[in-house]
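In what follows, a structure is listed as structure tokens, so that the remarks can point back to it.
Each reported figure results from applying straightforward, stated rules to the coordinates on display, with no laboratory input. Quantities reported herein were computed from a predicted structural model and do not represent experimental measurements. Every residue, glycine among them, receives a Cβ derived from its backbone with ideal geometry; neighbour counts consider all protein chains shown.
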Amino acid sequence: MPDVFINRIATSNPPHDVHEPFLRFGQHMLRADHRRLALFNRMADRSAITHRYSFVQPDPGGAVTDVEGFYRPGAFPDTAARMKKFEDCAPGLAVEAVEKLLQDEDRSRITHLIVTSCTGLSAPGIDLELIERCGLPATVERTMVGFMGCYAAINALKLARHIVRSQPDARVIALNLELCTLHLHETADLEEILSFLLFADGCAAALISADRKGVVMESFRAALVPDTRELIRWHIRQQGFDMVLSGAVPGAIRSALIEAREDIMGGANDIELWAVHPGGRTVLDAVEQAFGLPPSALGASRSVLNDYGNMSSGTVMFVLDRIMRGAAAGQNGCAMSFGPGLVAETMMFRMAA
């Protein structure tokens, strides 16, 4: 079977930096409880996040409100309004990433399109929008990977690898698009507000083929952690999508990776490149501890967390994009993401010669 390569990655983000406005929102919601407010402020200071982007434009003078009134005190949008916003905003962000990806590419050669998202859905969806607006062949085979959470990008790459190995002439676009900030809730629940402290909007698109350039995908492993299904939950409810992200997640990830380390690594002891999904600062700390890594090993992941926050499925692709831009031919790497289950999805890779 042929080797399969991630040839290149392109990314896009909405225009509005909402990290500081969100901190004001969290402080406003917790203002009546000084103990919880102090804890929120301490966690915000330690989050290692400086910027996060959204299609929701904050009102500079408001703690909760935004310019268009999408989030209004006492009248946050229901699921229908949030999905309408997704339908309005998501296609343009996807087109921006794919246009960057396919610059100077013969688009008539694209054969497959994989789209992942857990923050919005509609039909006809983003896949058909991309075919029409980016001039892709009408014969493109389309697959939607839905509601898998932060590890969906690894699953999309795994699927793309299967496609190219069975059809060596295939050229696959894998798109990861999430608008997490459309699911902010008006709540005084500290755990929920701390979950919102992480999330942001973003899109990553990758071109996968048998062309010998970029990153060769060598192997995949999934590690399901027993008795952790309650730690990460993501449900569609009346007032949007409800996220539960337990504070026990980093410890569970650390224990699981220590136990599964040999299976994931496959005996490799020369990993120089680490493309780890930055689910939060403490998640990266857990990975670092589990594999005994030096502080510099997760530099790309920590810089993406600082610059963009956690964009769910697309985030690991932002990290891999940064690594690919500076890595040397022949270097070996490991990519991993975490999500509901609790599951760690991993990919071993090597930079093409």
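Restricting to bridges with both residues inside the chain, how much of the DSSP beta-bridge set is antiparallel, in percent to the nearest 5? Intermediate results must be reported in sequence, preceding the final value.
Details: 43 of 60 bridges.
Antiparallel bridges: around 70 percent, rounded to the nearest 5.
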Next item on the list: Select from 125, 341, 61 the residue whose mean-square fluctuation is largest in a Gaussian network model of the chain (Cα-Cα springs shorter than 10 Å).
Entry: 61
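What is the stretch 227-333 by shape, rounded, prolate or oblate, if you read a ≥ b ≥ c off the alpha carbon gyration tensor as root eigenvalues and call it rounded for a/c under 1.5, prolate for a/b larger than b/c, and oblate otherwise?
Details: a/c = 2.27, a/b = 1.43, b/c = 1.59.
Oblate, because a/c is 1.5 or more while a/b does not exceed b/c.
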Margin query: Would the stretch 89-212 count as rounded, prolate or oblate if I go by the C-alpha gyration tensor, calling it rounded below 1.5 in a/c and otherwise prolate when a/b exceeds b/c, oblate otherwise?
Written below: prolate
Check: Which Cα, out of 50, 319, 134, lies furthest along the positive dipole direction of the chain (beta carbon charges, K/R +1, D/E -1)?
Finding: 319
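Can you tell me the FRET efficiency between residue 100 and residue 162 if r is taken as the Cβ-Cβ distance and R0 is 25 Å, rounded to the nearest 0.05?
Numbers: r = 26 Å, r/R0 = 1.02.
That gives a FRET efficiency of 0.45.
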Note to self: For the stretch 200-242, which trypsin sites (Lys or Arg not before Pro) pass both filters: DSSP loop (anything but H, G, I, E, B) and at most 16 other C-beta atoms within 10 Å?
What the structure shows: 212, 213, 229
Notebook entry, point to check: List the lysines whose alpha-carbon lies under 28 Å from that of residue 85, not counting same-chain residues fewer than 8 positions away?
Noted result: 100
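In Å, the Kirkwood hydrodynamic radius of the stretch 22-91 over pairs of distinct alpha carbons?
Working: mean 1/r = 0.0722 Å⁻¹.
Evaluated on the stretch 22-91, it is 13.8 Å.
Tell me, in nm to one decimal, what length is gained between residue 219 and residue 34 on full extension, where the rule is 0.36 nm per residue of separation less the Cα-Cα distance? Mind dumping the intermediate values first?
Numbers: separation 185, 0.36 × 185 = 66.60 nm, distance 4.93 nm.
Taking residue 219 through residue 34 to full extension adds about 61.7 nm, to one decimal.
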Check: If you take every DSSP beta bridge whose two residues both sit in the stretch 225-353, what share of them, in percent to the nearest 5, is antiparallel?
Finding: 75 percent
Check: Near residue 219, within a Cβ-to-Cβ distance under 11 Å, what is the net charge of the other residues, with Lys and Arg +1 and Asp and Glu -1?
Finding: +2
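If packing is taken as the mean number of other Cβ atoms within 10 Å per residue, what is the order of 104-114, 90-100, highest first? Walk me through the numbers before you get to the answer.
Details: 104-114: 15.9, 90-100: 20.7.
By packing density, highest mean first, the sequence is 90-100, 104-114.
Can you classify the chain as rounded, prolate or oblate using the Cα gyration tensor, where a ≥ b ≥ c are the square roots of its eigenvalues, rounded means a/c under 1.5, and otherwise it's prolate if a/b beats b/c and oblate if not? Write down the numbers at each step before the final one.
Details: a/c = 1.94, a/b = 1.27, b/c = 1.54.
Oblate, because a/c is 1.5 or more while a/b does not exceed b/c.
Quickly rank 254-267, 294-307 as a protection proxy: mean count of other C-beta atoms within 10 Å, highest first. Write out the running numbers ahead of the final one.
Numbers: 254-267: 15.1, 294-307: 18.1.
My ranking of the peptides, most packed first, is 294-307, 254-267.
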